[in-house]
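Visitor: Let me give you the structure first, and then I'll get to my questions.
Each reported figure results from applying straightforward, stated rules to the coordinates on display, with no laboratory input. Because the structure is predicted, anything quoted here is derived from the model rather than measured. All Cβ positions, glycine included, derive from the backbone under ideal geometry; neighbour counts span all protein chains shown.
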Amino acid sequence: MKRRNDLEKFCIKIRIETLKQIGNLGFGHVGGCMSIAETLAVLYGGVMKTDSANPKWEQRDWLVISKGHAGPAIYSTLALRGFFDMSLLKTLNRGGTSLPSHCDKNKTIGIDVTTGSLGQGISQAIGIALGHKLKKMDNWVYLILGDGELQEGQVWEGAMFAPHHNLDNLIAFVDNNKQQLDGFTQDILNVESIHKKFEAFNWHVQSIDGHDVIAIEEAVECAKKAAGKPSVIILETQKGKCCTYTEGVLDNHHISVCEQDTKRAVAKLEAQLAKYE
Ligand SMILES: Cc1ncc(C[n+]2csc(CCOP(=O)(O)OP(=O)(O)O)c2C)c(N)n1
């Protein structure tokens with residue numbers, strides 16, 4: 001129970017700091033940040049081997065956030081984990097910032113790979129995983145894809161390549177929040193069944209509740225045991241989850257946010273957090 005509580009608290013803090021960043025700027029990718037908060041909490045809450053004092057540590061695990069527009073969510077996570085000062089979060093996407101709206105490894109401490117052009121992260125993750133294998137290093141490589149992103153053909157080239165090369169050091173997540181930029185994924189270009197597709201490409205596949213921190217942690221443990229093949233964990237999620245002005249809203253991808261919206265959303269999350277104390 002303590003483990004669940006700790007991860008859930010971390011997750012709420014990630015959401016709060018993300019909403020503050022975007023609120024401070026006045027616009028941003030709220031929906032797709034909210035849906036991966038639990039996954040980031042689990043990864044940086046103990047699953048990933050990282051060192052905030054030595055972010056480029058050779059033995060570290062890597063994270064490729066292929067849906068690079070979720071930058072603010074990972075920046076909150078990294079700041080909360082001490083990779084850089086919390087005050088930097090106020091600079092999101094402003095001139096001269098080290099926190100651009102999309103992940104950039106040359107700008108942000110703790111970001112392993114530059115992403116943003118959807119579809120390319122899987123190739124980068126595969127290159128890193130293959131490199132680690134060739135160098136006989138045991139670092140894990142984690143990858144986060146969006147469901148809309150699966151419409152990119154490059155994803156399926158990677159999906160074919162990784163099992164062929166037995167990349168069992170690669171664990172991918174699909175944030176299956178069922179929405180993309182401009183509507184429901186199934187209406188724009190249906191990507192289901194994601195589970196069956198990856199299975200057909202010879203991946204180890206699990207489908208879980210992406211808002212249950214313990215389910216995510218257990219799925220990663222299970223994925224690590226899938227010898228000889230890469231793993232994918234399909235996260236059944238809701239876009240905009242736990243944010244008063246985005247949960248259950250279709251137009252929640254990249255939106256303008258007023259001060260009142262942020263105040264209300266943050267207050268609700270802070271009230272949730274207080275229940276744990
Ligand atoms: C190659 C490419 N095409 C278009 C875009 C613009 N774009 C940014 S996010 C997005 C929607 C992605 O949907 P999904 O992968 O489901 O992300 P999520 O809903 O989790 O935010 C699009 C089309 C992009 N970043 N890259």
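Visitor: Report the calculated FRET efficiency for residue 258 and residue 214 (r = Cβ-Cβ distance, R0 = 51 Å), to the nearest 0.05.
Guide: 0.90
Visitor: In segment 191-263, which chymotrypsin sites (Phe, Trp or Tyr not before Pro) are in a loop and have at most 16 other Cβ atoms within 10 Å, using DSSP for the loop call?
Guide: Taking segment 191-263 and a limit of 16 other Cβ atoms within 10 Å, no loop chymotrypsin sites (Phe, Trp or Tyr not before Pro) are found.
Visitor: Using a Gaussian network model of the chain with C-alpha springs under 10 Å, which one of 123, 87, 98 is most mobile by mean-square fluctuation?
Guide: 87
Visitor: Please work out how much length the chain gains when fully extended from residue 1 to residue 90, using 0.36 nm per residue of separation minus the C-alpha to C-alpha distance, in nm with one decimal.
Guide: So the chain would gain 28.7 nm between residue 1 and residue 90.
Visitor: What does the extension gain come out to for residue 136 and residue 98, with contour length at 0.36 nm per residue minus their alpha carbon separation?
Guide: Residue separation times 0.36 nm, minus the Cα-Cα distance, leaves 10.4 nm.
Visitor: Return the FRET efficiency for the residue pair residue 27, residue 109: r is the Cβ-Cβ distance, R0 is 25 Å, and the value is rounded to the nearest 0.05.
Guide: After rounding to 0.05, the efficiency reads 0.55.
Visitor: Tally Lys and Arg at +1 and Asp and Glu at -1 over the other residues with C-beta under 10 Å from the C-beta of residue 168: what net charge comes out?
Guide: With Lys, Arg at +1 and Asp, Glu at -1, the neighbours total +4.
Visitor: Next up: Using the Cβ atoms and a cut-off under 10 Å, what net charge is assigned to the surroundings of residue 145, where Lys and Arg are +1 and Asp and Glu are -1?
Guide: That sum, taken over residues with Cβ under 10 Å, equals -3.
Visitor: Using DSSP to call loops (not H, G, I, E or B), can you name the chymotrypsin sites (Phe, Trp or Tyr not before Pro) in segment 1-93 whose Cβ has at most 16 other Cβ atoms within 10 angstrom?
Guide: The qualifying sites are 57.
Visitor: Could you check the spin-label model distance between residue 202 and residue 236? Points 7 Å from the Cα along Cα→Cβ, value in nm.
Guide: Between residue 202 and residue 236, the simple spin-label model gives 2.9 nm.
Visitor: Does anyone have the angle between helix 121-134 and the longest principal axis of the chain? Alpha-carbon axes, 0 to 90°, nearest 10?
Guide: Helix 121-134 sits roughly 50 degrees off the main axis of the chain.
Visitor: How far apart, in nm, are the 7 Å Cα→Cβ label points at residue 54 and residue 189?
Guide: Rounded to a tenth, the inter-label distance reads 4.4 nm.
Visitor: Roughly speaking, what % of Cα-Cα pairs in segment 71-154 are separated by over 22 Å, rounded to a whole number?
Guide: Cα-Cα pairs in segment 71-154 separated by more than 22 Å: 36 percent.
Visitor: Taking Rh as the Kirkwood radius computed over C-alpha pairs, what is the Stokes-Einstein D of the chain at 25 °C in a medium of viscosity 0.890 mPa s, expressed in µm² per second?
Guide: This corresponds to a translational diffusion coefficient of 132 µm²/s.
Visitor: Report, in whole Å, the centroid distance computed from the Cα atoms of segment 119-162 and segment 51-89.
Guide: Taking the Cα centre of segment 51-89 as reference, the centre of segment 119-162 is 19 Å away.
Visitor: Now for a separate question. Taking only Cα atoms, what is the 0 to 90° angle, nearest 10, from helix 2-25's long axis to the longest principal axis of the chain?
Guide: With both axes taken from Cα atoms, the answer is about 60 degrees.
Visitor: Still on this structure, I have one more. Please name whichever of 130, 231, 242 sits farthest to the positive end of the charge dipole of the chain, dipole taken about the Cα centre and charges placed at Cβ: Lys and Arg +1, Asp and Glu -1.
Guide: Final value for the positive-end residue is 130.
Visitor: Ok, one more. Kindly write out, for segment 260-274 in residue order, the coupling ³J(HN,Hα) from the Karplus curve 6.51 cos²θ - 1.76 cosθ + 1.60 (θ = phi - 60°), rounded to whole Hz, with x marking Gly and Pro.
Guide: Per residue, the Karplus-derived 3J(HN,Hα) values read 4, 4, 5, 4, 5, 5, 5, 4, 5, 5, 5, 5, 4, 5, 4 Hz.
Visitor: In whole Å, what are the Cα extents of segment 11-117 along the three principal axes, biggest one first?
Guide: 38, 28, 28
Visitor: Find, to one decimal place in angstroms, the Kirkwood hydrodynamic radius of segment 191-277, where the mean of 1/r is taken over every pair of different Cα atoms and then inverted.
Guide: Hydrodynamic radius (Kirkwood, Cα only) of segment 191-277 equals 15.7 Å.
Visitor: In addition: Report the residue, chosen from 73, 265, 200, that carries the largest GNM mean-square fluctuation when the chain is represented by alpha-carbon nodes joined by springs under 10 Å.
Guide: Result for the chain, Cα springs under 10 Å: 200 fluctuates most.
Visitor: Within segment 119-228, which trypsin sites (Lys or Arg not before Pro) sit in a loop by DSSP and count at most 12 neighbouring Cβ atoms inside 10 Å?
Guide: Taking segment 119-228 and a limit of 12 other Cβ atoms within 10 Å, the loop trypsin sites (Lys or Arg not before Pro) found are 135, 136, 225.
Visitor: Identify which of 242, 258, 103 has the largest mean-square fluctuation in a Gaussian network model of the chain, with springs joining Cα atoms closer than 10 Å.
Guide: Judging by the Gaussian network model, the answer is 258.
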